[in-house]
1. From the list 66, 92, which one is within 11 Å of the chain's Cα centre (by Cα) and either in a helix (DSSP H, G or I) or modelled with pLDDT of 95 or more (or both)?
2. Among the residues in the stretch 15-23, are any closer than 24 Å to residue 283 by Cα and within 19 Å of the chain's Cα centre (by Cα)?
3. Is it true that residue 174 is in contact (Cβ under 8 Å) with a residue 12 or more places away in the chain and either part of a loop (DSSP other than H, G, I, E, B) or closer than 18 Å to residue 9 by Cβ (or both)?
4. Which numbered condition in (1) touching a helix residue (DSSP H, G or I) at 6+ places or on another chain (Cβ under 7 Å); (2) farther than 27 Å from residue 38 by Cα; (3) surrounded by fewer than 19 Cβ atoms within 10 Å (Cβ to Cβ) is the only one that residue 140 fails?
5. Just for the stretch 84-118: of the residues that are surrounded by fewer than 15 Cβ atoms within 10 Å (Cβ to Cβ) and in contact (Cβ under 8 Å) with a residue 40 or more places away in the chain, which one is nearest to residue 163 (Cα to Cα)?
6. Against the conditions (1) part of a loop (DSSP other than H, G, I, E, B); (2) closer than 26 Å to residue 83 by Cα, where does residue 104 fall short? Just the number, please.
7. Just to be sure I understand, how many residues within the stretch 1-26 are in contact (Cβ under 8 Å) with a residue 60 or more places away in the chain and touching a helix residue (DSSP H, G or I) at 6+ places or on another chain (Cβ under 6 Å)?
C-alpha cells in the first residue's frame, strides 16, 4: 500500500499540517502542527491540533514522529502539546541552535532558557535518515528562509516547509535574522529542484495567488521548474537575489512573529510560569 498523506489547513495562519502514514504498520508522523493563538486575548487553544489528534485516533494510527521544518514565525507550534498527548519524538534541524542564540538575545531570555537544542528530542543534520514504520525518510538542510530550515523527503514526497511555495506564489522571504536570499536560491535550485522530476512537493503554507480560486499546497518538481514565478528554469541567482531583496523590503513583519518565535524555539512549550502561576510572552520594542 502507498504512503498516505492527509492535510489539515489552518485558515487563520494559512498553514498546512500533514499526517504521513505507513498503511502497513499504521505508524505516522505529524509535520508542522499548529497551536491556535488569539493575540488580542493572549490565549492559546488547541482546536487545530485536536483535529489532527482525532484523525490519528480514528484511523488507529501510532504516532512516531512530530517533525518541525523550522522555528516558524507565523504560527505557534503544537509540538509539545501533541507529544504530551500521544508521545512520539519531537525533531527539528540541528541549526535550531543558531536560531535560538539569535532570539535569546532579541528577547533577552533569562528564565533558564539554554540555546542548545535540548528542548527537542532529535536534532537532524543534513543527510540523516530515519523511518516512519516501513517508510524511508531522509533529511535535507535547506537554509535561506532561516538558518535551520529542513526538508523531509519521505518516499516520493518532499515536505519543504517555507522554503518554497506553490509555483504561482514563488518563494519564501529571506530577511528574517539569519536568512539570506542567495542561500535560499541555492537551497531551492541545487537541492529541492534537483530532486527527481516526479517528486511531490508539499508546502507548509499557501497564501493563494490572486489568479487562483482555491487554496493548494501540492505540486511536483517538474511543475516548479517549469512555472515557479521566482525560481523556474532560466532565472539566475543574481536575478533572484535582486528580486527577493527588493520584495522583502516591502513586507511587514508576520502578525504572530513575536509570540511564535518565543514558543517555537522552546519546541512548542510556553515560557516558565512566574510566581503568580502565569506565563508571559515578551514584546521587544524596535528590535525587528
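The values are calculated or read from the model by the stated rules, or taken from the named source; none is laboratory data. Quick caveat, the model's predicted, so the values are computed rather than measured. Please note: Cβ atoms are built from the backbone with ideal geometry, for glycine as well, and neighbour counts cover all protein chains shown.
1. On the way: 66 fails: within 11 Å of the chain's Cα centre (by Cα).
Being within 11 Å of the chain's Cα centre (by Cα) and either in a helix (DSSP H, G or I) or modelled with pLDDT of 95 or more (or both) holds for just one of 66, 92, which is 92.
2. Yes, the stretch 15-23 has at least one match.
3. On the way: in contact (Cβ under 8 Å) with a residue 12 or more places away in the chain: yes; either part of a loop (DSSP other than H, G, I, E, B) or closer than 18 Å to residue 9 by Cβ (or both): yes.
Spelling it out, residue 174 is indeed in contact (Cβ under 8 Å) with a residue 12 or more places away in the chain and either part of a loop (DSSP other than H, G, I, E, B) or closer than 18 Å to residue 9 by Cβ (or both).
4. Unmet condition: (3).
5. Taking the candidates together, the pick is 108.
6. Of (1) part of a loop (DSSP other than H, G, I, E, B); (2) closer than 26 Å to residue 83 by Cα, only one is false for residue 104: (1).
7. 1
Residues checked against (1) without any contact (Cβ under 8 Å) to a residue 12 or more places away in the chain; (2) surrounded by 15 or more Cβ atoms within 10 Å (Cβ to Cβ); (3) touching a strand residue (DSSP E or B) at 6+ places or on another chain (Cβ under 9 Å); (4) not in a helix (DSSP H, G or I):
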{"site": "240", "(1), (2), (3), (4)": "no, yes, yes, no"}
{"site": "246", "(1), (2), (3), (4)": "yes, no, no, no"}
{"site": "250", "(1), (2), (3), (4)": "yes, no, no, yes"}
{"site": "258", "(1), (2), (3), (4)": "no, yes, no, no"}
{"site": "267", "(1), (2), (3), (4)": "no, yes, yes, yes"}
{"site": "272", "(1), (2), (3), (4)": "no, no, no, yes"}
{"site": "278", "(1), (2), (3), (4)": "yes, no, no, yes"}
{"site": "281", "(1), (2), (3), (4)": "no, yes, no, yes"}
{"site": "286", "(1), (2), (3), (4)": "yes, no, no, yes"}
